[in-house]
1. Can you tell me which residue within region 35-47, out of those that are closer than 18 Å to ASP61 by Cβ and open to solvent by 70 Å² or more (accessible area, probe 1.4 Å), is modelled with the highest pLDDT?
2. Within region 1-21, count every residue that is surrounded by 15 or more Cβ atoms within 10 Å (Cβ to Cβ) and in contact with a Gly (Cβ under 9 Å, 6 or more places away or on another chain).
3. I'd like to check something: does region 95-114 contain any residue that is acidic (Asp, Glu) and modelled with pLDDT of 90 or more?
4. Scan region 57-70 residue by residue and report those that are modelled with pLDDT under 90 and either open to solvent by less than 60 Å² (accessible area, probe 1.4 Å) or under 19 Å from SER15 (Cα atoms) (or both).
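The values are calculated or read from the model by the stated rules, or taken from the named source; none is laboratory data. Predicted, not measured: the structure shown is a model, and the values here were computed from it. For neighbour counting, all protein chains shown are included, and Cβ atoms are generated from backbone atoms with ideal geometry for every residue, glycine included. Just the protein is used for accessible areas: all its heavy atoms, side chains included, with ligands, DNA and RNA removed. Shrake-Rupley method; radii C 1.70, N 1.55, O 1.52, S 1.80 Å.
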Amino acid sequence: MPIPLQITFKNMDPSEAVETKIRQRTEKLGRHAGRVTGCHVVVEAPHKSHQKGRLFQVRIDLAIPGEEIVVNREHSSDPAHEDVYVAVRDAFDAAQRQLESHEDRRRDLHRRPS
């Protein structure tokens with residue numbers, strides 16, 4: 001079942017190509033962590049007034065039963081984040097790691113004897 005997804009663009013026009021990449025990455029998250037019940041992705045372009053270091057910011061809010069996982073790639077100093085696709089990739093990679101960590105902790109809780 002597909003994860004309900006909301007995509008928001010700030011300080012930039014919506015991009016079908018970026019939306020497609022986000023949808024692909026969200027589907028991949030869903031295959032590896034079937035407990036995701038919702039996802040909201042915000043892609044923010046830097047303000048036009050900045051001349052240098054215009055880095056894209058990506059925030060991902062993942063809803064899972066009883067909890068929310070937030071990934072915020074806001075103040076990255078990685079110059080590669082001048083490319084929106086790299087910023088999206090890195091944010092989803094971080095979300096994947098957080099989901100895996102959450103699942104590991106959840107499994108450990110169920111394995112411990114009372």
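1. Here is the first cut: in region 35-47, the ones closer than 18 Å to ASP61 by Cβ are 35-44.
Imposing the further condition that a residue be open to solvent by 70 Å² or more (accessible area, probe 1.4 Å) reduces the set to 35, 37.
Working: ARG35: 78, THR37: 88.
Looking at residues that are closer than 18 Å to ASP61 by Cβ and open to solvent by 70 Å² or more (accessible area, probe 1.4 Å), I get THR37.
2. 2
3. At the first step, the residues of region 95-114 found to be acidic (Asp, Glu) are 100, 103-104, 108.
Now restrict to residues that are modelled with pLDDT of 90 or more: none.
No, region 95-114 contains no residue that is acidic (Asp, Glu) and modelled with pLDDT of 90 or more.
4. ILE64, ILE69, listed by residue number.
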